[in-house]
1. Tell me, yes or no, whether the range 289-305 has at least one residue that is more than 23 Å from the chain's Cα centre (by Cα), buried (at least 20 other Cβ atoms within 10 Å of the Cβ) and touching a residue at least 40 places away in the same chain (Cβ under 8 Å).
2. Check whether at least one residue in the range 77-96 is among the aromatic types (Phe, Trp, Tyr) and at pLDDT below 85, and report yes or no.
3. Exactly one of these conditions fails for Leu265: (1) more than 30 Å from Leu435 (Cα to Cα); (2) in a loop (DSSP other than H, G, I, E, B). Give me its number.
4. Among the residues of the range 145-157, is any within 20 Å of the chain's Cα centre (by Cα) and within 25 Å of Arg52 (Cβ to Cβ)?
5. I want to confirm something. Restricting to the range 339-363 and keeping residues that are of a type in the set (A, V, I, L, M, F, W, C) and surrounded by fewer than 18 Cβ atoms within 10 Å (Cβ to Cβ), which single residue is nearest to Cys476 (Cα to Cα)?
6. Name the single residue, out of those in the range 465-489 being surrounded by fewer than 16 Cβ atoms within 10 Å (Cβ to Cβ) and over 14 Å from Leu291 (Cα atoms), that is modelled with the lowest pLDDT.
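The values are calculated or read from the model by the stated rules, or taken from the named source; none is laboratory data. The shown structure was predicted, so the numbers you read here are calculated from the model rather than taken from an experiment. With ideal geometry, Cβ positions are generated from the backbone for all residues, glycine too; neighbour counts draw on all protein chains shown.
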Amino acid sequence: MTPPPEPHTDGGHGLDAVAPRRPWVILAIACAAQFICVLDVSIVNVALPSMRESLGLSPGGLQWVVNGYALTFAGFLLLGGRAADLLGSRRVFLAGLALFTAASLAGGLAQTGWHLVAARFVQGLGGALVVPTTLTVLTTTFPQSHARARALAVLTAAAGAGGALGGVFGGLLTGLLGWRWVLFVNVPLGVVLSLAAAGALPGASRGAARGAARGRLDVPGSLAVTLGTSGVVAAIVVSEGRGWTSAPTLSLLGAAVLLLTGFLLWERRARHPLVPPAVFRLRALMTANALALLTSGVLPATMFFLSLYLQNVRDMTPLWAGVALLPSAAGVALGAAAASRLVGVLGPRAVFMAGSLLAAVALVWLSRLGPDSGYVGFVAVPLFLSMAGLSVAGLPLTLTAVAGAGPDRAGLASGLLNTAKQIGGAVGLAALVTLAATRTAVLTAAGRTSEDVATTQGFGLALLVAAGAVLGAGLCGLALPRDAPPKPAPASPRAGVA
């Protein structure tokens, strides 16, 4: 084990000065912000029928209520992370939170469909500024390895709980108060968090200001990667309705490939690159991103299938379906707590592989669902175990990515990792949903089974494939570091990356 690092200061690289007297207050603020930003990816799902009736939205408009947020959220994550490195995490965090809160208020007050869709796009931009900045804040606030592992475990649990509880809170708010409250709820939370963050987060030091003055945001590179990443997500969104071989889908994918290729070429010659070329030679960081890309679609797909199963096959109301999915949040929380204790002893490789194996076994168990399966034995227990396994596997990737980039590139590392997660989540969800729908359609057309049986068998096949993907990622985890990540050397202003 390496000795714990000394408290980190910015050293002129644009990080904020550390305020060690309030570390757990800062952790609470970061986790709450991460929770509401991730929650908003899915909290609107249950409210969509009410939104359609109230605002007269078309099916295409409803799709953009969900995917508009995902599009800008994924597209601007890298830019948000780099902006935190250059401009200071406190400034970017507060700006992103203000934008997110204002867009939530505007969405809740929307009188037409396009107002709501526009608000969701702006919400995603605010979330893209907040989420990578939370990792930067915690990396600088908790410089010691054990404390950092615990803090990042809590942050991982907050993000996982946000993803798992979207349907629960969406059902509660829509059923009790109306659909507008799935957006209004962010307003008081955003105001309280902004006030708390303004008082607790450390301001940029004079050295950070000098670093920000020297470093400039790579505008051409930022534009290319943002549009390219957004193009990938937009192609996935369009493919759900038009198919992967349709002209709009292929056009978006082609444009995204050209933009991302141009981004990589530009970064090699830019004076102030958004992603210094040396980053792509950091094995630990790239491995963590590749594994996140491979596995991030499993959690949203699992929650999607189970939500439909409980409502469409078992005839539960949205509210009770949300309650029935609560074991997922418990699994995420307990898995993150276990991972924070294990990773310092066993190392990232062993913890990631163990979590992946647990998740794969639980997903195989879930795939055996039938129309009349018991809730406890076929939903609650395997759902809890699968989410616990995914949560255990998630923390080593975060720790490896941050340690691999160095403290003065924490925002960039967070932006890269979260972008990989968002794209992997969108691609994985689209692929698994398509697989399940195809299987269900084939069985229904054959006329040999009931609609409920065909639906559950479609879900079962997709869950089996998800289990195979997680198991494959677990085997690829052999490329992760065996021991706990060492203290990274600070980067010099001219070196690009340590």
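1. The answer is no; no qualifying residue exists.
2. no
3. All conditions pass for Leu265, except number (2).
4. No, the range 145-157 has no match at all.
5. In this case the residue turns out to be Ala350.
6. Among those that are surrounded by fewer than 16 Cβ atoms within 10 Å (Cβ to Cβ) and over 14 Å from Leu291 (Cα atoms), it is Ala489.
Conditions tested, residue by residue: (1) surrounded by 24 or more Cβ atoms within 10 Å (Cβ to Cβ); (2) modelled with pLDDT of 85 or more; (3) aromatic (Phe, Trp, Tyr).
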site: Leu125; (1), (2), (3): no, yes, no
site: Val130; (1), (2), (3): yes, yes, no
site: Thr139; (1), (2), (3): yes, no, no
site: Pro143; (1), (2), (3): no, no, no
site: Ala164; (1), (2), (3): yes, no, no
site: Gly171; (1), (2), (3): yes, no, no
site: Gly175; (1), (2), (3): no, no, no
site: Val182; (1), (2), (3): yes, yes, no
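For (1) over 16 Å from Arg368 (Cα atoms); (2) hydrophobic (A, V, I, L, M, F, W, C); (3) without any contact (Cβ under 8 Å) to a residue 40 or more places away in the chain; (4) assigned to a helix (DSSP H, G or I), each residue gets a yes or a no:
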position	(1), (2), (3), (4)
Leu435	yes, yes, yes, yes
Asp452	no, no, no, yes
Gly460	no, no, no, yes
Leu464	no, yes, no, yes
Gly468	no, no, no, yes
Ala473	yes, yes, no, yes
